[in-house]
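The values are calculated or read from the model by the stated rules, or taken from the named source; none is laboratory data. No experiment lies behind these values; they were computed from the predicted model shown. A quick note on method: Cβ atoms are made from the backbone with ideal geometry, for glycine too, and the neighbour counts reach across all protein chains shown.
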Amino acid sequence: MRYISRGVRQRTDANAELAALCRPDMSTLFDPIRFGSLTARNRIVMAPLTRNRAGPGQVATDLMALYYEQRSSAGLIVSEATQIAPEAQGYLDTPGIYSSAQLRAWRSITSAVHAKGGSIIAQLWHVGRISHVSLQPHGQAPVSSTGRRADAKTFTTKGFEDVSQPRALRLDELPGIVGQFRQAARNAIDSGFDGVEVHGANGYLLEQFLRDSINDRTDAYGGSQENRIRLPMEIMTAITEEIGAGRTGLRLSPVSPVNDAKQDSDAQGLFNHFMNRLNPLHLAFIHVIEGATGAARDLMSFDFAALKSLFKRNDAQGAWIVNNGYTRSMAISAVASDAADMVAFGRPFISNPDLVNRLRFDEPLAALDATTLYGGGAAGYTDYPVFDGSDFGPNAGGNPRERVESAV
Ligand code: 8OZ
């Protein structure tokens with residue numbers, strides 16, 4: 001990793017600004033936190049980021065270990081979305097967490113992060129219908145709640161392709177899906193992860209069951225809100241039984257339209273109901289994408305604060321993690337005002353491995369090279385600069401990636 005020089009900005013300026021924003025009795029974005037059985041040394045979360053750099057057999061690589069190690073100053077790292085089984089994969093070169101080779105590789109990554117004093121949890125992923133036959137075992141159809149194809153794309157060895165026609169899961173197959181999630185959670189703990197986040201967002205399998213815009217089943221897993229939350233509840237219950245609720249969290253995106261997840265006819269009612277049902281589990285955290293993933297925060301009116309109150313009613317020790325286009329000042333205010341316990345940053349962590357220090361000292365952020373986001377090697381992955389704590393500035397070192405961005 002390269003280091004760059006720092007200019008005239010004084011750390012004391014940023015500290016004074018922070019002090020002005022926060023009363024002494026308030027928690028700040030930079031304070032440690034305990035939630036469930038987890039701890040974080042600050043409230044800045046590295047959001048899960050798909051980077052498509054797994055090796056043969058969907059095994060994580062040494063380069064991935066370096067990438068995560070570089071970002072270990074995050075209070076909590078959520079791993080990139082990681083498929084729980086071969087059928088759960090939907091994109092080229094994403095890592096899995098079901099084979100012994102995959103588990104060994106994850107062990108190197110969790111050890112590297114822990115050696116630097118960081119915390120890391122695994123994001124457990126089943127893509128459902130957002131997949132392509134070329135990525136499925138024996139070229140079979142992807143599985144979903146429905147047999148209807150999504151109007152969405154994935155990337156395969158041939159580049160961007162339309163996703164394939166799925167097959168609706170039979171009732172007798174659903175316990176197997178729950179079992180795969182349970183086993184993946186066990187595997188995560190066995191590989192040294194501090195916990196897991198279930199991917200319940202962005203139009204993947206859990207949302208394919210949750211939303212009435214997708215789920216067209218007529219059995220006990222379709223129709224009413226209670227029926228549509230049934231599989232997600234079974235998954236969350238099985239995982240909490242397996243590894244403990246204190247190590248288990250869930251990511252949601254109640255109104256995000258990505259991956260052809262059209263709005264539920266009653267998104268607020270559905271997610272409020274889901275939260276009420278989750279309440280007795282005492283999850284370690286809920287991680288919520290506010291608005292459209294990576295886009296408009298105000299796409300649809302949705303009362304995220306109401307959802308938070310339902311979670312906190314019975315789960316005061318659980319963390320409410322917010323995400324989606326937060327700037328430094330938004331993040332500081334969200335924690336100071338108790339609107340959130342932690343704030344997750346996605347893309348800013350790609351180009352700023354030292355994002356925590358840059359936010360802490362209000363330094364400019366390096367811009368992202370979008371051409372190296374998905375797939376490839378070290379370029380645009382492990383070669384973004386960190387600031388060395390002495391001199392740093394937007395034009396330092398003549399680094400082309402180093403440009404000032406106001407919004408994160
Ligand atoms: C970008 C590209 C591929 C997958 C998500 C796991 O949207 C993803 C993803 C993001 O949650």
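Can you name the residue in the stretch 279-298 that is touching a Phe, Trp or Tyr at 6+ places or on another chain (Cβ under 6 Å) and assigned to a loop (DSSP other than H, G, I, E, B) and, of all such residues, is surrounded by the fewest Cβ atoms within 10 Å (Cβ to Cβ)?
E290
For the stretch 322-364, which helices (runs of 4 or more DSSP H) that fit wholly inside it have 3 or more residues that are under 18 Å from Y384 (Cα atoms)?
347-351, 355-360
Among the residues of the stretch 230-239, is any part of a loop (DSSP other than H, G, I, E, B), at negative phi and away from the ligand (no atom under 16 Å from the Cβ)?
The answer is no; no qualifying residue exists.
Test A267 against the criterion of being within 23 Å of M342 (Cα to Cα) and among the hydrophobic types (A, V, I, L, M, F, W, C), and give yes or no.
Considered against the rule, which asks whether it is within 23 Å of M342 (Cα to Cα) and among the hydrophobic types (A, V, I, L, M, F, W, C), A267 comes out as no.
Considering every residue within the stretch 184-193, establish whether at least one is within 16 Å of the ligand (Cβ to nearest atom), in contact (Cβ under 8 Å) with a residue 24 or more places away in the chain and among the β-branched types (V, I, T).
no
In the stretch 10-55, how many residues are modelled with pLDDT under 95 and either within 16 Å of the ligand (Cβ to nearest atom) or among the small types (G, A, S) (or both)?
Selection size over the stretch 10-55: 5.
Counting only residues that are buried (at least 18 other Cβ atoms within 10 Å of the Cβ) and either in a helix (DSSP H, G or I) or without any contact (Cβ under 8 Å) to a residue 60 or more places away in the chain (or both), how many does the stretch 243-271 have?
Counting residues in the stretch 243-271 that are buried (at least 18 other Cβ atoms within 10 Å of the Cβ) and either in a helix (DSSP H, G or I) or without any contact (Cβ under 8 Å) to a residue 60 or more places away in the chain (or both) gives 19.
Could you tell me which of the residues E173, E207, E197 is part of a helix (DSSP H, G or I), among the acidic types (D, E) and within 16 Å of the ligand (Cβ to nearest atom)?
Going through E173, E207, E197 in turn, the sole match is E207.
Do we have any residue at all in the stretch 383-399 that's at pLDDT 95 or above and not hydrophobic (A, V, I, L, M, F, W, C)?
The answer is yes, given that some residue of the stretch 383-399 is at pLDDT 95 or above and not hydrophobic (A, V, I, L, M, F, W, C).
Looking at the stretch 139-160, can you tell me whether even one residue there is among the acidic types (D, E), surrounded by fewer than 21 Cβ atoms within 10 Å (Cβ to Cβ) and within 22 Å of the chain's Cα centre (by Cα)?
Scanning the stretch 139-160, I find no residue that is among the acidic types (D, E), surrounded by fewer than 21 Cβ atoms within 10 Å (Cβ to Cβ) and within 22 Å of the chain's Cα centre (by Cα), so the answer is no.
When you scan the stretch 148-155, do you find a residue that is under 25 Å from W106 (Cα atoms), within 13 Å of the ligand (Cβ to nearest atom) and at pLDDT 95 or above, even just one?
Yes, the stretch 148-155 contains a residue that is under 25 Å from W106 (Cα atoms), within 13 Å of the ligand (Cβ to nearest atom) and at pLDDT 95 or above.
Could you grab me the full set of residues in the stretch 210-221 that are in a loop (DSSP other than H, G, I, E, B) and in contact (Cβ under 8 Å) with a residue 24 or more places away in the chain?
Of everything in the stretch 210-221, those that are in a loop (DSSP other than H, G, I, E, B) and in contact (Cβ under 8 Å) with a residue 24 or more places away in the chain turn out to be R211, D212, S213, I214, N215, D216, R217, D219, A220, Y221.
Can you tell me which condition A184 does not meet? The list is (1) among the hydrophobic types (A, V, I, L, M, F, W, C); (2) touching a Leu at 6+ places or on another chain (Cβ under 6 Å); (3) in a strand (DSSP E or B), and all the others hold.
Result: A184 passes all but (3).
Return the total of residues in the stretch 113-131 being part of a helix (DSSP H, G or I) and surrounded by fewer than 21 Cβ atoms within 10 Å (Cβ to Cβ).
The qualifying residues number 2.
Taking the stretch 325-361 only, how many residues are touching a strand residue (DSSP E or B) at 6+ places or on another chain (Cβ under 6 Å) and acidic (D, E)?
2
What tally of residues in the stretch 59-105 results from selecting those that are away from the ligand (no atom under 16 Å from the Cβ), buried (at least 22 other Cβ atoms within 10 Å of the Cβ) and assigned to a loop (DSSP other than H, G, I, E, B)?
Total satisfying the criteria: 3.
Determine whether A336 is of a type outside the set (K, R) and within 20 Å of the chain's Cα centre (by Cα).
Judged against the criteria, A336 is not a match.
Give the residue, chosen from L49, L76, that is of a type outside the set (G, A, S), in contact with a strand residue (DSSP E or B) (Cβ under 8 Å, 6 or more places away or on another chain) and closer than 15 Å to H114 by Cβ.
Of L49, L76, the one residue that is of a type outside the set (G, A, S), in contact with a strand residue (DSSP E or B) (Cβ under 8 Å, 6 or more places away or on another chain) and closer than 15 Å to H114 by Cβ is L76.
Being away from the ligand (no atom under 16 Å from the Cβ) and among the β-branched types (V, I, T) is the filter here, so list the residues in the stretch 106-138 that pass it.
I109, T110, V113, I120, V133
Please go through the stretch 314-340 and give me each residue that is buried (at least 21 other Cβ atoms within 10 Å of the Cβ) and within 26 Å of N279 (Cα to Cα), ordered by number.
Across the stretch 314-340, the qualifying residues are D315, G318, A319, W320, I321, V322, N323, N324, A331, V335, A340.
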